[in-house]
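Beneath this line is the structure, given in C-alpha coordinates, with notes to follow.
The values are calculated or read from the model by the stated rules, or taken from the named source; none is laboratory data. Everything numeric in this text was worked out from a predicted model, so none of it was measured. Here the Cβ positions follow ideal geometry from the backbone for every residue, glycine too, while neighbour counts run over all protein chains shown. Areas reflect the complete protein model, heavy atoms only, side chains present, ligands, DNA and RNA absent. Shrake-Rupley method; radii C 1.70, N 1.55, O 1.52, S 1.80 Å.
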Amino acid sequence: MSVTDSRHDVSAHGAQGDPHEASHAAHRFAGSGSWLTAIRFSLLMAVVLGLLYPLVVVGLGQLGFSHQANGSLLADAEGRVIGSSLVGQRFTSERYFQGRPSAVDYAADAVGGSNLAPSNPALRERAEADAGQITARDGVEPGRIPVDLLTASGSGIDPAISPEAAAIQVDRVARVRGLTPSAVTALVERYSDSGGWLGEPTVNVLALNLALDAIE
(Lines give C-alpha, C1' and ligand atoms only; values in the text may rest on other atoms or scores of the structure.)
Protein backbone atom coordinates (compact mmCIF):
# COMPACT_ATOMS: atom_id res chain seq x y z
CA MET A 1 0.00 0.00 0.00
CA SER A 2 1.31 3.38 -0.88
CA VAL A 3 1.57 6.39 1.38
CA THR A 4 -1.27 7.98 -0.54
CA ASP A 5 -3.48 4.93 0.02
CA SER A 6 -2.70 5.01 3.74
CA ARG A 7 -3.70 8.65 4.02
CA HIS A 8 -6.90 7.87 2.12
CA ASP A 9 -7.77 5.04 4.52
CA VAL A 10 -7.10 7.20 7.58
CA SER A 11 -9.07 10.09 6.14
CA ALA A 12 -12.02 7.81 5.29
CA HIS A 13 -11.97 6.29 8.76
CA GLY A 14 -11.91 9.76 10.35
CA ALA A 15 -14.77 10.96 8.13
CA GLN A 16 -16.92 8.04 9.20
CA GLY A 17 -15.96 8.55 12.84
CA ASP A 18 -17.53 6.85 15.84
CA PRO A 19 -21.35 6.73 15.46
CA HIS A 20 -21.79 7.27 19.22
CA GLU A 21 -19.67 10.42 19.19
CA ALA A 22 -21.65 11.74 16.22
CA SER A 23 -24.91 11.13 18.07
CA HIS A 24 -23.66 12.94 21.19
CA ALA A 25 -22.47 15.90 19.14
CA ALA A 26 -25.80 16.16 17.34
CA HIS A 27 -27.63 15.99 20.65
CA ARG A 28 -25.46 18.76 22.15
CA PHE A 29 -26.07 20.94 19.11
CA ALA A 30 -29.82 20.37 19.20
CA GLY A 31 -30.00 21.11 22.95
CA SER A 32 -28.11 24.35 22.54
CA GLY A 33 -30.46 25.43 19.77
CA SER A 34 -33.55 24.61 21.86
CA TRP A 35 -32.37 26.74 24.75
CA LEU A 36 -31.61 29.68 22.49
CA THR A 37 -35.03 29.36 20.84
CA ALA A 38 -36.77 29.26 24.20
CA ILE A 39 -34.89 32.30 25.43
CA ARG A 40 -35.66 34.27 22.27
CA PHE A 41 -39.34 33.32 22.45
CA SER A 42 -39.55 34.29 26.11
CA LEU A 43 -37.99 37.68 25.44
CA LEU A 44 -40.31 38.25 22.50
CA MET A 45 -43.42 37.38 24.53
CA ALA A 46 -42.21 39.57 27.41
CA VAL A 47 -41.98 42.55 25.08
CA VAL A 48 -45.24 41.83 23.21
CA LEU A 49 -47.44 40.82 26.17
CA GLY A 50 -45.72 42.73 28.95
CA LEU A 51 -45.14 46.03 27.15
CA LEU A 52 -46.78 46.45 23.75
CA TYR A 53 -50.15 44.85 24.56
CA PRO A 54 -50.72 46.87 27.78
CA LEU A 55 -49.72 50.08 25.99
CA VAL A 56 -52.18 49.38 23.15
CA VAL A 57 -55.02 48.54 25.55
CA VAL A 58 -54.40 51.59 27.74
CA GLY A 59 -54.09 53.82 24.69
CA LEU A 60 -57.34 52.58 23.16
CA GLY A 61 -59.08 52.96 26.50
CA GLN A 62 -57.92 56.55 26.89
CA LEU A 63 -58.82 57.44 23.32
CA GLY A 64 -62.23 55.83 23.08
CA PHE A 65 -63.41 55.33 26.67
CA SER A 66 -61.49 57.81 28.81
CA HIS A 67 -64.34 58.34 31.31
CA GLN A 68 -64.76 54.62 32.00
CA ALA A 69 -61.02 53.90 31.87
CA ASN A 70 -60.35 56.51 34.56
CA GLY A 71 -62.92 55.15 36.99
CA SER A 72 -66.17 56.77 35.80
CA LEU A 73 -65.55 59.64 38.22
CA LEU A 74 -68.21 62.27 38.88
CA ALA A 75 -67.55 65.86 39.93
CA ASP A 76 -69.73 68.56 41.46
CA ALA A 77 -70.45 71.99 39.95
CA GLU A 78 -67.09 73.28 41.22
CA GLY A 79 -65.17 70.48 39.55
CA ARG A 80 -64.39 68.53 42.71
CA VAL A 81 -64.43 64.77 42.27
CA ILE A 82 -66.86 63.35 44.81
CA GLY A 83 -67.22 59.75 43.70
CA SER A 84 -67.71 57.25 40.92
CA SER A 85 -70.89 56.33 39.10
CA LEU A 86 -69.85 52.70 39.69
CA VAL A 87 -69.58 52.91 43.49
CA GLY A 88 -72.42 53.54 45.92
CA GLN A 89 -72.20 56.04 48.76
CA ARG A 90 -74.00 56.79 51.99
CA PHE A 91 -76.36 59.78 51.90
CA THR A 92 -77.79 60.93 55.23
CA SER A 93 -79.53 64.19 54.36
CA GLU A 94 -83.21 64.10 53.41
CA ARG A 95 -82.30 66.34 50.47
CA TYR A 96 -80.86 63.33 48.69
CA PHE A 97 -82.10 60.06 47.29
CA GLN A 98 -80.95 57.12 49.37
CA GLY A 99 -79.23 54.07 47.90
CA ARG A 100 -79.17 50.42 48.86
CA PRO A 101 -77.94 49.24 52.27
CA SER A 102 -74.32 48.11 52.36
CA ALA A 103 -72.89 45.19 54.31
CA VAL A 104 -69.40 46.73 54.05
CA ASP A 105 -70.34 50.37 54.74
CA TYR A 106 -69.75 51.22 51.05
CA ALA A 107 -66.02 50.45 51.27
CA ALA A 108 -64.82 49.94 47.70
CA ASP A 109 -61.72 48.10 48.92
CA ALA A 110 -63.72 45.55 50.90
CA VAL A 111 -66.63 44.62 48.65
CA GLY A 112 -68.95 41.86 49.74
CA GLY A 113 -72.41 40.95 50.94
CA SER A 114 -73.66 39.90 54.35
CA ASN A 115 -74.26 36.27 53.27
CA LEU A 116 -77.22 36.15 55.65
CA ALA A 117 -79.98 33.72 54.70
CA PRO A 118 -83.58 35.01 54.50
CA SER A 119 -84.32 32.94 57.61
CA ASN A 120 -81.55 34.60 59.62
CA PRO A 121 -83.00 36.66 62.52
CA ALA A 122 -80.24 39.28 62.16
CA LEU A 123 -81.29 39.98 58.57
CA ARG A 124 -84.95 40.27 59.51
CA GLU A 125 -84.17 42.63 62.38
CA ARG A 126 -82.02 44.85 60.21
CA ALA A 127 -84.58 44.91 57.41
CA GLU A 128 -87.39 45.76 59.83
CA ALA A 129 -85.34 48.59 61.31
CA ASP A 130 -84.59 49.99 57.85
CA ALA A 131 -88.24 49.68 56.88
CA GLY A 132 -89.23 51.69 59.95
CA GLN A 133 -86.81 54.46 59.02
CA ILE A 134 -88.04 54.56 55.41
CA THR A 135 -91.65 54.67 56.56
CA ALA A 136 -90.91 57.59 58.86
CA ARG A 137 -88.81 59.42 56.26
CA ASP A 138 -90.88 58.90 53.10
CA GLY A 139 -94.32 58.15 54.49
CA VAL A 140 -94.49 54.77 52.75
CA GLU A 141 -96.07 51.70 54.30
CA PRO A 142 -93.59 48.84 54.88
CA GLY A 143 -95.41 46.64 52.38
CA ARG A 144 -94.83 49.19 49.58
CA ILE A 145 -91.08 49.52 50.13
CA PRO A 146 -89.11 47.99 47.21
CA VAL A 147 -86.91 45.11 48.27
CA ASP A 148 -83.70 46.76 47.02
CA LEU A 149 -84.02 49.44 49.71
CA LEU A 150 -84.06 46.72 52.38
CA THR A 151 -81.43 44.27 51.10
CA ALA A 152 -77.74 44.83 50.49
CA SER A 153 -76.28 43.91 47.11
CA GLY A 154 -73.69 41.20 46.69
CA SER A 155 -70.92 43.76 46.27
CA GLY A 156 -72.11 46.13 48.99
CA ILE A 157 -71.34 49.11 46.74
CA ASP A 158 -74.17 48.92 44.21
CA PRO A 159 -74.55 52.51 42.88
CA ALA A 160 -78.10 52.13 41.58
CA ILE A 161 -81.63 51.55 42.81
CA SER A 162 -84.78 50.48 41.01
CA PRO A 163 -87.15 53.10 39.53
CA GLU A 164 -89.70 52.00 42.15
CA ALA A 165 -87.21 52.72 44.94
CA ALA A 166 -86.59 56.17 43.48
CA ALA A 167 -90.31 56.86 43.00
CA ILE A 168 -91.18 56.52 46.69
CA GLN A 169 -88.53 59.15 47.51
CA VAL A 170 -89.63 61.79 44.99
CA ASP A 171 -92.15 63.59 47.21
CA ARG A 172 -89.75 63.86 50.14
CA VAL A 173 -86.85 65.19 48.02
CA ALA A 174 -89.13 67.64 46.22
CA ARG A 175 -90.57 68.94 49.51
CA VAL A 176 -87.19 69.41 51.21
CA ARG A 177 -85.65 71.14 48.20
CA GLY A 178 -88.67 73.25 47.36
CA LEU A 179 -89.13 71.66 43.94
CA THR A 180 -92.16 70.23 42.23
CA PRO A 181 -92.53 66.43 42.20
CA SER A 182 -92.75 66.55 38.41
CA ALA A 183 -89.36 68.28 38.16
CA VAL A 184 -87.76 65.68 40.41
CA THR A 185 -89.45 62.85 38.51
CA ALA A 186 -88.05 64.24 35.26
CA LEU A 187 -84.53 64.05 36.73
CA VAL A 188 -85.15 60.48 37.88
CA GLU A 189 -86.12 59.52 34.36
CA ARG A 190 -83.10 61.33 32.95
CA TYR A 191 -80.68 59.32 35.10
CA SER A 192 -82.45 56.01 34.61
CA ASP A 193 -81.01 53.13 32.63
CA SER A 194 -83.33 50.69 30.88
CA GLY A 195 -80.91 47.81 31.52
CA GLY A 196 -80.87 46.66 27.89
CA TRP A 197 -81.96 43.20 26.79
CA LEU A 198 -80.80 41.27 29.84
CA GLY A 199 -80.65 43.81 32.66
CA GLU A 200 -83.29 45.52 34.78
CA PRO A 201 -84.08 49.26 34.86
CA THR A 202 -81.98 51.19 37.37
CA VAL A 203 -81.39 54.75 38.56
CA ASN A 204 -77.86 55.95 39.40
CA VAL A 205 -78.15 57.53 42.84
CA LEU A 206 -74.96 59.62 42.86
CA ALA A 207 -75.54 61.05 39.38
CA LEU A 208 -79.14 61.90 40.30
CA ASN A 209 -78.14 63.65 43.53
CA LEU A 210 -75.48 65.64 41.71
CA ALA A 211 -78.06 66.76 39.17
CA LEU A 212 -80.33 67.89 42.00
CA ASP A 213 -77.55 70.00 43.50
CA ALA A 214 -76.78 71.50 40.10
CA ILE A 215 -80.27 72.97 39.58
CA GLU A 216 -80.30 74.91 42.83
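Could you say whether any residue in segment 149-165 is open to solvent by less than 60 Å² (accessible area, probe 1.4 Å), in contact (Cβ under 8 Å) with a residue 12 or more places away in the chain, part of a helix (DSSP H, G or I) and farther than 28 Å from Val81 by Cβ?
There is no residue in segment 149-165 that is open to solvent by less than 60 Å² (accessible area, probe 1.4 Å), in contact (Cβ under 8 Å) with a residue 12 or more places away in the chain, part of a helix (DSSP H, G or I) and farther than 28 Å from Val81 by Cβ.
Given the conditions (1) open to solvent by 30 Å² or more (accessible area, probe 1.4 Å); (2) under 17 Å from Thr92 (Cα atoms); (3) in contact with a helix residue (DSSP H, G or I) (Cβ under 6 Å, 6 or more places away or on another chain), report the number of the one that Arg172 does not fulfil.
That leaves (1) as the condition not met.
Taking Arg95, is it under 26 Å from Glu189 (Cβ atoms), without any contact (Cβ under 8 Å) to a residue 40 or more places away in the chain and open to solvent by 40 Å² or more (accessible area, probe 1.4 Å)?
Answer is no for this residue.
When segment 68-126 is examined, which residues are found to be within 17 Å of Asn209 (Cα to Cα), out of contact with any Asp or Glu (no Cβ under 9 Å at 6 or more places or on another chain) and among the basic types (Lys, Arg)?
Arg80
Please determine whether any residue of segment 39-50 is at pLDDT 90 or above, open to solvent by less than 100 Å² (accessible area, probe 1.4 Å) and under 23 Å from the mean Cα position of the chain (by Cα).
Taking every residue of segment 39-50 in turn, at least one turns out to be at pLDDT 90 or above, open to solvent by less than 100 Å² (accessible area, probe 1.4 Å) and under 23 Å from the mean Cα position of the chain (by Cα).
In segment 61-86, how many residues are in a loop (DSSP other than H, G, I, E, B) and open to solvent by 40 Å² or more (accessible area, probe 1.4 Å)?
7
Filter segment 105-148 for residues that are hydrophobic (A, V, I, L, M, F, W, C) and assigned to a loop (DSSP other than H, G, I, E, B); which is farthest from the chain's Cα centre (by Cα)?
My answer is Val140.
Report every pair of residues separated by at least 6 positions or lying on different chains whose Cβ atoms are under 9 Å apart, first residue within segment 126-144 and in contact (Cβ under 8 Å) with a residue 40 or more places away in the chain, second surrounded by 11 or more Cβ atoms within 10 Å (Cβ to Cβ).
Arg137/Glu94; Arg137/Gln98; Arg137/Gln169; Arg137/Arg172
Output the number of the condition that Ser42 fails; it satisfies all remaining conditions of (1) on the phi > 0 side of the Ramachandran plot; (2) assigned to a helix (DSSP H, G or I).
(1)
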